[in-house]
Amino acid sequence: MHDVTDDQEPGAQVPEPGSDERAEIEALRAEVARLRERQEAATAAAPARHRFSWRTPVASVLIVLGCVLAPVAVLGAWTANQVSDTNRYVANVTPLIKDPAIQNALTDKITNAIVTQINVPSLTSQAAGVLNQKGLPRVATLLQSFSGSLNSAVTGFVHTRVHKIITGPRMANAWVQVNRTAHREIVAALSGRGSKSVSVQNGQVTVGLAPFIDIAKQDLASRGLTIVNKIPEINPTFALFPSKDLVKAQTAYRLINDLKIVLIVVALLLLIVGVYVARNHRRALIGAGLGFAASMLVLGAGLAIARVIYLNSVPASASADAAAAAFDILVRFIKTALRTLLVVGLVVAVGAFFTGPSAAAVRTRSAFSSGLGRLRRGGESAGLSTGPAGAWTYTNRHALRIGAVALAALIFVFWGQPTAAVTIVIAVLLLVVLGLIELIGRPPPQPAPAPPATSE
């Protein structure tokens, strides 16, 4: 190897490096390339430093407010449906008359009212007095001794007949008609305008039982107990809840009735705007879905606490079993709604996650797509081809996916009263449709690679 010295004449030709030197240069170049690649990879892997942006905190506040307001909006919609909509209210209270605990409580209440008016001990004393006046003191004494037995027999007979009436279709029909008629009066009680059937007595909000007693009197008279025809018009009451809660119910009713639509719109707008202004829309949508589902869980816990508070406020003279059954039946629609909305929130969060760029989401989509691709190629190899329809489906696959999601959302919105099961079925059917789009869509054939050029 020839070295170039300082005293070499300018313009002299530098000798070419030898093979060893060339190998050393190539090794250095490769090392530099490797170092550069490592630096670029480290730069790409390092978290990007962004300037502070108002989007993240504002989006978080909006989503949290929307999730907090969501249970209140659900309560408002439930109140509007139960109180303002007669058909919805009747559909809600109709099962009450079929609940055994409530049937027993009504039977005891009506039986006590009728037996008190008949007053068998008083009638027995009057009959014994008449017998004494006619010179039959021994018979009068004997009759007086059977006063308790006669009272028990009459009470048992009345109780049996009343229970049969309460559990029969006639009382069920009367229950529906009475509640339909009394619906306006319940609204009047909640709005503070007063009511005839619904009133406040001894610290309790009560419902009059006169229509049901009239039905029982007619049945007892037809069975031979005609003495009930002499019973005057009576209207005993059945306690619903403490009157101290009526003021709270009236206040809440007026407020929620005025804001029932506004609450729903505001809650949805807060969630939508929160997702829109977020820096990462997909992550914000996941958070909104999970937060919305969590708010429904909080509402369910609130109902459980309200049930305990309500049962503790029931007086000792009332039936605790009947009160518990009434509460469970009356809130069953709101429980159905919160379960449905809980599933909706989870479906939205899961959908947003699996359409995102995370490693788990990408692996899941790749496995799903490759599995359907193998199935499609297997069908094509067997002579089953989608032809032009498959090519069109593949070209328009994005529009078809958006249309499928939009159609599923419209079906859910216009279903009427969707349940959690309906929501799950709609989500599963949407997955099936998306799978069919992927399966039917036939990508265009890839051009064959050009053969390598051969030297002459």
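Miscellaneous remarks
- Between I261 and R36, the contour length at 0.36 nm per residue exceeds the Cα-Cα span by 74.9 nm.
- In this rough spin-label picture, where each label sits 7 Å from Cα along the Cβ direction, the D321-R397 distance is 6.2 nm.
- HN-Hα J in Hz across the range 147-164 - Karplus 6.51, -1.76, 1.60, θ = phi - 60°, x for Gly and Pro: 4, x, 5, 5, 5, 5, 5, 5, 4, x, 5, 5, 4, 4, 5, 5, 5, 5
- Cα-based equivalent ellipsoid of the range 55-164: semi-axis lengths in Å, sorted from largest, via gyration tensor: 63, 13, 11
- Flagged links, alpha-carbon separation over 26 Å, of K98/K217; K134/K217; K98/K335; K109/K164: K134/K217
- Each Lys and Arg adds +1 at its Cβ and each Asp and Glu adds -1 at its Cβ; summed about the Cα centre, the range 326-409 shows a dipole of about 140 debye.
- 1.4 Å probe accessible area per residue over the range 246-402, in Å²: 58 Å²
- A simple spin-label model places the labels of A294 and A382 4.8 nm from each other, with each point 7 Å out along Cα-to-Cβ.
- Both radii were evaluated on the Cα set of the range 339-391; the Rg over Rh quotient, with Rh as the Kirkwood radius, amounts to 1.21.
- Residues in the range 62-68 carry Karplus couplings, in order, of 5, 5, 4, 4, x, 5, 5 Hz; the curve used is 6.51 cos²θ - 1.76 cosθ + 1.60 with θ = phi - 60°, and Gly or Pro positions show x.
- At R0 = 22 Å, FRET efficiency that the Cβ-Cβ distance of V350 and V413 yields, to 0.05: 0.65
- Anisotropy class of the range 283-336 from Cα gyration tensor, a/c 1.5 cut: prolate
- Ellipsoid semi-axes for the range 334-439, based on the Cα gyration tensor and the rule √(5λ), read 30, 17, 12 Å when sorted largest first.
- Gain on full stretching of the segment that runs from V277 to R170 - 0.36 nm per residue minus C-alpha separation: 32.6 nm
- Net length available on complete extension from L268 to R332 is 20.7 nm, with 0.36 nm assigned per residue and the Cα-Cα distance removed.
- Semi-axes of the equivalent ellipsoid of the range 388-447 are 30, 11, 6 Å, computed as sqrt(5λ) over the eigenvalues of the C-alpha gyration tensor in descending order.
- Highest mean packing comes first when the peptides 258-266, 432-440, 337-345, 60-68 are listed by Cβ atoms within 10 Å, giving 337-345, 60-68, 432-440, 258-266.
The values are calculated or read from the model by the stated rules, or taken from the named source; none is laboratory data. Nothing here was measured: the structure is a model prediction, and the numbers come from that model. Note that each Cβ is placed from the backbone with ideal geometry, even for glycine, and that neighbours are counted across all protein chains shown. Surface accessibility is based on the protein's heavy atoms, side chains included, excluding ligands, DNA and RNA. Shrake-Rupley method; radii C 1.70, N 1.55, O 1.52, S 1.80 Å.
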